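What follows is a set of notes on a single structure, which appears directly below.
The values are calculated or read from the model by the stated rules, or taken from the named source; none is laboratory data. On a predicted model such as this, the values are computed, not experimentally measured, just so you know. Methodologically, a virtual Cβ is constructed for each residue, glycine included, from the backbone with ideal geometry; neighbour enumeration extends over all protein chains shown.
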Amino acid sequence: MQAREPAFPGQNMKKLVIIGAGIGGLGAAGLFARKGYDVTVVEKNANLGGRANIFSEQGFKFDMGPSWYLAPDIFEHYFNLVGEKVEDHLDLVKLGPSYRIFFRNNGDPLDINSNIDIDTATFDAIEPGAGDKLRAYLKQSEYQYEVATQHFMFKNYDTIFDFFNKRVMTEGQKLSVFSTMHKFVSKFFTSKKLQQVMEYTMVFLGTSPYEAPALYNLMSHMDFNQGVFYPQGGFYELIRALSNIAEKNGATLRANSPVEKILVRDGKAAGVRLEGGEVIDADLVISNADMWFTETQLLDIAQQTHKEKYWQKRTMAPSAFIMYLGVREKLPSLIHHNLLFSEDWRKNFDDIYKDPRLPDEPSLYVCAPSVTDPSVAPEGKENLFVLVPIASGLEISEAEKDSYADRVLALMETEMNLPGLREKIEYKRIYTVADFGADYNSFKGTALGLAHTLRQTAIFRPKNRSKKVENLFYVGAGTNPGIGTQICLISAELAYKRVHGIKSAEPLRSLD
Ligand SMILES: Cc1cc2nc3c(=O)[nH]c(=O)nc-3n(C[C@H](O)[C@H](O)[C@H](O)COP(=O)(O)OP(=O)(O)OC[C@H]3O[C@@H](n4cnc5c(N)ncnc54)[C@H](O)[C@@H]3O)c2cc1C
């Protein structure tokens with residue numbers, strides 16, 4: 001390999017190994033490589049990107065994980081920090097309408113446009129007076145988003161006092177830290193339909209509106225106020241961009257390189273050993289693999305900050321029952337993002353969290369990127385990603401998979417105005433709990449990681465440094481701030497702050 005000049009002459013190039021090329025891992029690679037570290041990323045899979053994975057089959061190109069590009073300002077912030085512009089890497093399209101919601105046994109779907117005049121009229125038509133309430137709600141969400149991004153999300157927490165500081169105590173009530181989402185939403189809207197509309201984003205966080213702190217109503221600022229975006233070519237374009245940026249700054253990205261052990265010498269991380277025996281020495285190790293896996297499988301017991309017992313007591317975010325479908329004709333009742341809400345909302349969440357089973361009456365999400373992007377399906381055909389949130393840890397036999405797939409498709413036919421859908425499918429792949437476990441070493445096959453319950457948020461979420469092994473750090477959805485593509489880029493910045501002892505709460509202005 002050709003030797004590189006350090007970006008900061010005079011400093012020794014520290015060797016950093018990052019385990020896993022998920023968004024957090026790639027994000028950290030870009031930051032540290034730009035700062036002048038000698039960075040090697042080792043990823044177990046053939047593709048980089050982690051859960052933001054991709055595959056192609058029969059002319060269809062399927063994004064396997066994320067599909068909602070939300071909070072563009074957070075992506076912009078990351079790109080600026082590494083000296084880049086989003087528009088030089090991604091061709092972002094603002095979707096209009098943003099998404100469509102179908103309600104079970106309930107005629108007309110409802111579109112959210114991320115346009116306050118249209119959306120207030122939509123709300124008023126369902127519940128008189130709800131339009132004004134929506135305005136008030138979204139003002140609050142915007143305020144919470146601003147406070148969270150400027151004062152909370154970009155901060156590493158060490159002690160309980162870091163979190164319950166003056167700001168939280170004085171603003172706590174206003175910020176709704178101490179109530180649940182469902183209670184908060186119910187104060188604004190009485191109709192079940194509108195409550196569901198404001199609460200569904202909790203699924204993105206791997207939790208339920210009955211458990212999530214109301215602080216997360218900031219999510220509505222993202223989809224209603226800022227809008228929903230899509231990178232033309234597919235979500236995987238983001239992975240290409242992050243990989244290019246990391247490599248441009250000198251990082252080495254290695255696929256097909258599973259780590260079997262983190263090497264520890266004199267209490268300090270000293271590198272990794274790959275399956276097959278190759279050793280890569282390092283001064284620092286950052287793991288982007290799921291934290292349960294890193295702690296319990298890559299370290300000896302004495303080196304584990306959080307042992308198996310700890311993980312068994314955590315609430316994991318749901319897994320998912322996913323179908324990637326190639327459909328031989330266009331489906332005019334669908335737009336890019338579509339949701340179907342079950343009638344019995346609470347039971348649906350109970351089937352995921354309390355009494356784990358394949359939900360009888362599931363809520364589900366259908367992404368049809370081919371509505372916006374001709375490159376993801378052959379001409380005249382539709383590319384569908386169908387996702388039903390289900391409990392992590394569920395064991396599902398092959399026969400159950402097929403019969404559940406058929407049930408979900410039948411539901412889509414009747415409830416999403418898709419008659420004859422099953423006969424139009426020319427490609428189908430089912431992807432579920434065991435696949436997440438095998439592909440990403442995820443605990444109990446969770447799709448998203450640790451749920452964002454109150455007890456697993458901020459100071460209560462596992463920290464991004466090992467307590468037992470010096471120079472071992474963590475990045476990704478399992479640590480702060482948590483789940484989500486742009487949120488994992490913040491976690492990369494938090495790892496950077498941690499390593500450099502930067503204690504500030506606000507986003508970094510530069511890497512100096
Ligand atoms: C189906 C689905 C839909 C989603 N939808 C959205 C969305 O629309 N919008 C959004 O913002 N977010 C979405 N998310 C969440 C978002 O994708 C994740 O939070 C984020 O991508 C996780 O990134 P991460 O940094 O935690 O790394 P991960 O993606 O978890 O990657 C970790 C990497 O570590 C690797 N690894 C594990 N063990 C080893 C080992 N021993 N050696 C080497 N490498 C190893 C894994 O293979 C993996 O590549 C979705 C997630 C899923 C699964």
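Out of everything in segment 125-153 that is modelled with pLDDT of 95 or more and in a loop (DSSP other than H, G, I, E, B), what residue ends up being nearest to the chain's Cα centre (by Cα)? That would be Glu127.
Quickly run through segment 458-475 and pick out the residues that are away from the ligand (no atom under 15 Å from the Cβ), more than 25 Å from Leu242 (Cα to Cα) and out of contact with any Gly (no Cβ under 6 Å at 6 or more places or on another chain). Within segment 458-475, Ala458, Ile459, Phe460, Ser466, Lys467, Lys468, Val469 meet the criteria. When we screen Ser392, Ser375, Ser363 for residues that are hydroxyl-bearing (Ser, Thr, Tyr) and either under 18 Å from Tyr427 (Cα atoms) or touching a Cys at 6+ places or on another chain (Cβ under 8 Å) (or both), the only hit is Ser375. Among the residues of segment 325-337, is any within 23 Å of the chain's Cα centre (by Cα), surrounded by 15 or more Cβ atoms within 10 Å (Cβ to Cβ) and within 12 Å of the ligand (Cβ to nearest atom)? Yes, that holds for at least one residue. Residues being within 26 Å of Thr207 (Cα to Cα), touching a residue at least 24 places away in the same chain (Cβ under 8 Å) and more than 17 Å from the chain's Cα centre (by Cα) are entirely absent from segment 475-494.
Does segment 68-85 include one or more residues that are touching a Ser or Thr at 6+ places or on another chain (Cβ under 7 Å) and not hydrophobic (A, V, I, L, M, F, W, C)? Scanning segment 68-85, I find no residue that is touching a Ser or Thr at 6+ places or on another chain (Cβ under 7 Å) and not hydrophobic (A, V, I, L, M, F, W, C), so the answer is no.
All of Gly445, Gly478 fail the test of being at pLDDT 95 or above and more than 10 Å from the ligand (Cβ to nearest atom), apart from Gly445.
Every condition in (1) more than 15 Å from Cys488 (Cα to Cα); (2) more than 12 Å from the ligand (Cβ to nearest atom); (3) surrounded by fewer than 21 Cβ atoms within 10 Å (Cβ to Cβ); (4) of a type outside the set (Asp, Glu) holds for Val39 except the one numbered (3).
Among the residues of segment 458-512, which ones are of a type in the set (Ser, Thr, Tyr) and outside any strand (DSSP E or B)? Talk me through it step by step, then tell me what you get.
Here is the first cut: in segment 458-512, the residues of a type in the set (Ser, Thr, Tyr) are 466, 474, 479, 485, 491, 496, 504, 510.
Ser466, Thr479, Thr485, Ser491, Tyr496, Ser504, Ser510 - these are the residues of segment 458-512 that are of a type in the set (Ser, Thr, Tyr) and outside any strand (DSSP E or B).
Before we move on, is Thr122 touching a residue at least 12 places away in the same chain (Cβ under 8 Å) and part of a helix (DSSP H, G or I)? Yes, satisfied. Scanning for something within 12 Å of the ligand (Cβ to nearest atom), closer than 30 Å to Leu92 by Cα and either part of a helix (DSSP H, G or I) or at pLDDT below 95 (or both), does segment 225-236 turn up at least one residue? Yes, because at least one residue in segment 225-236 is within 12 Å of the ligand (Cβ to nearest atom), closer than 30 Å to Leu92 by Cα and either part of a helix (DSSP H, G or I) or at pLDDT below 95 (or both). For segment 270-315, the set of residues classified as on the phi > 0 side of the Ramachandran plot and either free of Cβ contacts under 8 Å to residues at least 60 places away in the same chain or away from the ligand (no atom under 15 Å from the Cβ) (or both) consists of Gly276, Gly277, listed by residue number. Of the strands (runs of 3 or more DSSP E) lying entirely inside segment 251-317, those containing at least 3 residues that are hydrophobic (A, V, I, L, M, F, W, C) and under 25 Å from Lys35 (Cβ atoms) are 259-265, 268-274, 284-287.
I'd like to check something: does segment 420-436 contain any residue that is touching a residue at least 60 places away in the same chain (Cβ under 8 Å), away from the ligand (no atom under 16 Å from the Cβ), within 25 Å of the chain's Cα centre (by Cα) and not in a helix (DSSP H, G or I)? Scanning segment 420-436, I find at least one residue that is touching a residue at least 60 places away in the same chain (Cβ under 8 Å), away from the ligand (no atom under 16 Å from the Cβ), within 25 Å of the chain's Cα centre (by Cα) and not in a helix (DSSP H, G or I), so the answer is yes.
Taken over segment 319-358, the residue count meeting the criterion of being at pLDDT 90 or above, of a type outside the set (Lys, Arg), assigned to a loop (DSSP other than H, G, I, E, B) and closer than 21 Å to Gly449 by Cα is 2. Contact annotation: residue pairs with Cβ atoms under 7 Å, 6 or more positions apart or on different chains, pairing a residue in segment 235-254 that is under 17 Å from Pro369 (Cβ atoms) with a partner that is more than 11 Å from the ligand (Cβ to nearest atom) and not in a loop (DSSP other than H, G, I, E, B), are Tyr236/Ile54; Glu237/Pro231; Leu238/Pro231. Being within 16 Å of the ligand (Cβ to nearest atom) and more than 20 Å from the chain's Cα centre (by Cα) is the filter here; which residues of segment 9-30 pass it? Within segment 9-30, Leu16, Val17 qualify. The residues in segment 359-390 that are in a loop (DSSP other than H, G, I, E, B) and at pLDDT 95 or above can be counted, and the count is 8.
For Ile245, state whether it is crowded, with 22+ Cβ neighbours inside 10 Å and either under 26 Å from Lys444 (Cβ atoms) or within 9 Å of the ligand (Cβ to nearest atom) (or both). In short, no. Of the residues examined, Pro97 is not one that is modelled with pLDDT of 95 or more, in contact with a helix residue (DSSP H, G or I) (Cβ under 7 Å, 6 or more places away or on another chain) and more than 7 Å from the ligand (Cβ to nearest atom). I'd like to check something: does segment 113-122 contain any residue that is farther than 22 Å from Gly20 by Cβ and in contact with a Pro (Cβ under 7 Å, 6 or more places away or on another chain)? Within segment 113-122, one or more residues are farther than 22 Å from Gly20 by Cβ and in contact with a Pro (Cβ under 7 Å, 6 or more places away or on another chain).
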